[in-house]
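The values are calculated or read from the model by the stated rules, or taken from the named source; none is laboratory data. Because the structure is predicted, anything quoted here is derived from the model rather than measured. Every residue, glycine as well, gets a Cβ built from its backbone with ideal geometry; the counts of neighbours run over all protein chains shown. All accessible areas refer to the heavy atoms of the entire protein, side chains included, with ligands and DNA or RNA removed. Shrake-Rupley method; radii C 1.70, N 1.55, O 1.52, S 1.80 Å.
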Amino acid sequence: MQIRTGDTFDPRVIALLDHHVTAARAQTAPGSAHALDLAGLRAPDVAFWTGWDGETLVATGALKTLIADHGEVKSMHTLQATRRRGFGGQMLGHIIAEARARGMVRLSLETGSWDYFKPAHALYRAHGFVLCGPFQDYVEDPNSLFLTLDLTR
């Protein structure tokens with residue numbers, strides 16, 4: 001997979017992100033979905049990448065800077081037809097490396113707590129993320145799972 005800086009104006013990217021947000025919101029209780037929309041991905045504190053298998057868009061991922069040494073994983077999604085081929089892990093590895101390169105010492109994320117999100121939980125745990133409490137502006141929510149990774153290890 002080739003990882004590129006994401007073009008949030010590319011219709012293929014827009015379509016995959018739209019699917020990601022729609023699917024996640026359909027599997028999440030109202031008020032508990034925290035996916036970034038296109039405007040959020042275009043914010044100056046967000047770095048966004050896309051993953052390509054040839055000319056096929058297969059993955060997205062973003063890194064939001066919360067404070068100088070703490071980042072948040074956002075917009076992680078792998079095209080359904082290409083799952084279980086390692087693309088999600090490659091994208092997450094890229095985000096982790098970018099966070100370290102930017103001097104971050106902590107990387108956190110929020111994801112859904114429902115069964116739909118269990119493959120994501122497994123991916124994050126395989127990369128060393130552990131459970132934590134809400135961070136930044138999040139609040140305790142039974143529909144959310146909060147994970148963090150110590151980047152100094």
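Observations on the model:
- Here the condition is being closer than 18 Å to Phe117 by Cβ, crowded, with 19+ Cβ neighbours inside 10 Å and over 14 Å from the mean Cα position of the chain (by Cα); of Thr60, Thr78, Thr22, Thr28, it holds for Thr28 alone.
- Residues that are out of contact with any helix residue (DSSP H, G or I) (no Cβ under 8 Å at 6 or more places or on another chain) and surrounded by 15 or more Cβ atoms within 10 Å (Cβ to Cβ) were ranked within the range 31-56; the one that is farthest from Leu107 (Cα to Cα) is Trp52.
- Yes/no for Val13 being within 21 Å of Tyr138 (Cα to Cα), among the β-branched types (Val, Ile, Thr) and in a helix (DSSP H, G or I): no
- Scope the range 63-75; condition touching a strand residue (DSSP E or B) at 6+ places or on another chain (Cβ under 7 Å) and either open to solvent by 30 Å² or more (accessible area, probe 1.4 Å) or at pLDDT 95 or above (or both); matching residues: Leu63, Lys64, Thr65, Leu66, Asp69, His70, Gly71, Glu72, Val73, Lys74
- Positions within the range 24-40 being touching a residue at least 40 places away in the same chain (Cβ under 8 Å) and assigned to a helix (DSSP H, G or I), in sequence order: Ala24
- Output for the range 115-153, where each listed residue is aromatic (Phe, Trp, Tyr), crowded, with 16+ Cβ neighbours inside 10 Å and at pLDDT below 95: Phe117
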